[in-house]
Amino acid sequence: MGQFHNVFHVSMLRKCISDRDNVVVEPPSDLRSNLTVEGRPVRIIGRKSKPEGRKNVKMIQVVWDCDGDEETTWEP
């Protein structure tokens, strides 16, 4: 990585189109000092097996409740 120059060209810039609906007016009430919010699992909606090397890792798809917003992640 030392061979790469850490400067970008102005042609790589794009116009920022912001969505005003995603602006947070005030922080959540349960915001921690390290700027994280505890997510609570709501339900499991999927299962799959993922090959890693010689093993198959079982994965589940979890729906999380994060202060009213629902997020979906795959967890081992």
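The values are calculated or read from the model by the stated rules, or taken from the named source; none is laboratory data. Bear in mind the structure is a predicted one, so any value in this text is a computation, not a measurement. Here the Cβ is made from the backbone with ideal geometry for all residues, glycine too, and neighbour counts use every protein chain on show. For the accessible areas, the whole protein counts, side chains as well, though only heavy atoms, and no ligand, DNA or RNA atoms are used. Shrake-Rupley method; radii C 1.70, N 1.55, O 1.52, S 1.80 Å.
Quick notes
- Mean accessible surface per residue for the chain, computed with a 1.4 Å probe while every protein chain stays in place, in Å²: 99 Å²
- Length gained on full extension, residue 16 to residue 31, computed as 0.36 nm times the residue gap minus the Cα-Cα distance: 2.6 nm.
- Here the 3J(HN,Hα) profile of region 48-56, calculated from phi with Karplus coefficients 6.51, -1.76 and 1.60 at θ = phi - 60°, is 7, 10, 10, x, 9, x, 8, 10, 10 Hz, Gly and Pro shown as x.
- The radius of gyration of the Cα set in the chain, together with its Dmax, comes out at 19.6, 48 angstrom.
- Structural descriptor for the chain: relative contact order 20 percent, calculated from alpha carbon pairs under 8 angstrom and at least 6 residues apart.
- Once the chain from residue 56 to residue 72 is taken as fully extended at 0.36 nm per residue, the excess over their C-alpha distance is 3.6 nm.
- Among the trypsin sites (Lys or Arg not before Pro) in region 11-46, those placed in a DSSP loop whose Cβ has at most 14 other Cβ atoms within 10 Å are 14, 15, 32.
- Rounded percent of accessible protein surface that carbon and sulfur make up, the chain, 1.4 Å probe: 52 percent
- Heavy atoms of residue 33 accessible to a 1.4 Å probe, total area in Å² rounded to 10: 120 Å²
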